[in-house]
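Since the structure comes first, as structure tokens, the remarks are kept for the end.
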Amino acid sequence: MKIKNYYRLPSGVQDLLPDECYNLNLIEQKLAKKFSLSGCTQVQSAGLELYDTYAEIKNKIPQKKMFKLTDSDGSLLVLRPDMTLAVARMAATRLDDVPSKLCYFSSVWQYPQTGGLSIREIYQAGVEFLGVSNPFSDAQGIAFAIECLEEIGVKDFIVDIGHVGFFKGILEDCALNEECVEQVRLLINAKDSVGAQALLLQQGAFESAVNALAALPTLFGGVEVLSRAQKYTTNQTALSALSHLKQVYELLKSFGLEKYISFDLGTVKDLSYYSGVVFTGLTKSLGSPILSGGRYDNLSDDFGKHVPAVGFAMGLKRILITLERQGSLLPVPPVDVAIVSEPDAEALAYQTYQTLTAQGKRVNLFTGDHARMQSLKEQGITLLLASKEGVKEI
């Protein structure tokens, strides 16, 4: 049957059918329990916010990435484009209990960038550790991300770790303006090191900085990457970033998690608000990240209060795809009991239904349908018949 255009969904959004919703609920239940046991408290930010909240702060989101609409008084609104910014706003303006651990299950809406899965409505689970800034806090955030991926059954994954201080340190002595630094960052993020080098040379950057930038795509792999990277710079900001990563790695190694860890010093996140460690969860089953996070110590400053923080978010729909490709999705289980009601026995059937559901049974209640009854019996479901004489198993 040809589907009429007005029945179609816009590109980048999707419905979830019963099997997908069932597995998504299982993932949420496992993560909610994990979050709670780790001391996290759940929050939920507003889905609609003022455009200026995200467009006029220092760590702004480009307006072309946001879904905009107009309020009845003419104010420009946006659908929530980013949960970390929303949590930073809440932490700075409404939260008194810091340090604290917050978690959420929320959607964000963004116009997709080129490459990867073109999803515009992104359903996420996330965690933000607020109020502490040290190597242990970073290691704890990465370790907890690994725990969460293990908990929901993701296989064959790694967590790539970098540090924005290494990139910033390389450029620190080049006397570039903020606009130029951002252009270089975008080129590096797009893995266009040739374009980044050309831009630096055009700006008269030092040869050492250009050479270090050229090496960024090669600085990935095991912990030995950190020692190799030291050869490319004498900048103290960059060297301090490497030293910090070594401390984080030693902690993760002491936790027994080194098998999950790799390093990528060419990782420069798409959002400019990260201030330290950044990390990305990757799996062979999907060509896009399933988890992304990092440290953003200065983000809440945009909202009037300094609250250092590290956190991460998991794309739950991407994780669904990953689990499907790994053969880990479960079918929706059948009901435990089906009750068939004959005419004039509906009240008895309903009372039986209430008794069984109060006992924790999953019950389907319907009027007589012989074809359906036969199908239920073939599935091995307990079948009860309610009649004027009472209720009996058939």
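What follows draws every value from the coordinates through simple rules; no lab data is involved. This one's a predicted model, so the numbers in the text were calculated from it and none came from an experiment. Methodologically, a virtual Cβ is constructed for each residue, glycine included, from the backbone with ideal geometry; neighbour enumeration extends over all protein chains shown.
What does the charge add up to near residue 109, with Lys and Arg as +1, Asp and Glu as -1, over the other residues with Cβ less than 9 Å from its Cβ?
On the way: positive: 80, 120; negative: 121.
Net local charge, residue 109 excluded: +1.
Rounded to the nearest angstrom and listed largest first, the equivalent-ellipsoid semi-axes of the stretch 198-313 from its Cα gyration tensor are 24, 21, 16. Take every DSSP beta bridge whose two residues both sit in the stretch 337-393, then give the antiparallel share in percent to the nearest 5. Approximately 30 percent, going by the DSSP bridge assignments. Per the Debye formula on identical point scatterers at the alpha carbon atoms of the stretch 97-169, with no solvent, log10 I(q)/I(0) at q = 0.16 Å⁻¹ is -0.90. When the chymotrypsin sites (Phe, Trp or Tyr not before Pro) in the stretch 1-72 are filtered for DSSP coil states and for at most 16 other beta-carbon atoms within 10 Å of their beta-carbon, the remaining sites are 67.
Legend: Rg and Dmax of the chain, from Cα coordinates, 26.3, 94 Å.
Based on the convex hull around the alpha carbon atoms, the stretch 276-394 presents an average projected area of 13.5 nm². Here the translational diffusion coefficient of the stretch 1-137 follows from Stokes-Einstein with Rh set to the Kirkwood radius across Cα pairs; for 10 °C and 1.306 mPa s it amounts to 91 µm²/s. On a 18 Å Cα-Cα criterion, which of the cross-link pairs 65/305; 246/305; 33/253; 34/101; 231/269; 68/305 come out too long? Beyond 18 Å: 65/305; 246/305; 33/253; 231/269; 68/305.
Note on residue 190 and residue 211: their simple-model spin labels are 2.8 nm apart, each label 7 Å out from Cα toward Cβ.
Adding -39500 (n - 2.57) for every DSSP H run of four residues or longer, then dividing by how many residues the chain holds, sets the calculated 222 nm ellipticity at -11500 deg cm²/dmol. Overall, the chain carries a charge dipole of about 560 debye about its Cα centre when +1 sits on the Cβ of Lys and Arg and -1 on the Cβ of Asp and Glu, all other atoms neutral.
Let's test this: bin the Cα-Cα distances of the stretch 337-393 at 5 Å from zero up to the farthest pair and state each bin's percent. With a bin width of 5 Å, the distribution comes to 4, 21, 33, 25, 14, 2.
Give, rounded to the nearest 20 debye, the magnitude of the charge dipole that the stretch 155-294 has about its Cα centre when Lys and Arg contribute +1 at Cβ and Asp and Glu contribute -1 at Cβ.
On the way: 11 positive and 14 negative charges, 96 e Å.
Here the size comes out at about 460 debye.
So if R0 is 56 Å, what FRET efficiency would residue 177 and residue 22 give, r being the distance between their Cβ atoms, rounded to the nearest 0.05?
On the way: r = 52 Å, r/R0 = 0.93.
After rounding, the FRET efficiency stands at 0.60.
Taking 4.7 Å between beta carbons as the limit, the unpaired Cys residues of the chain are 21, 148, 174, 180. With a cut-off of 12 Å on the backbone N, the residues of the stretch 263-287 near the modelled label site 7 Å out from residue 237 along Cα-Cβ are 275-276.
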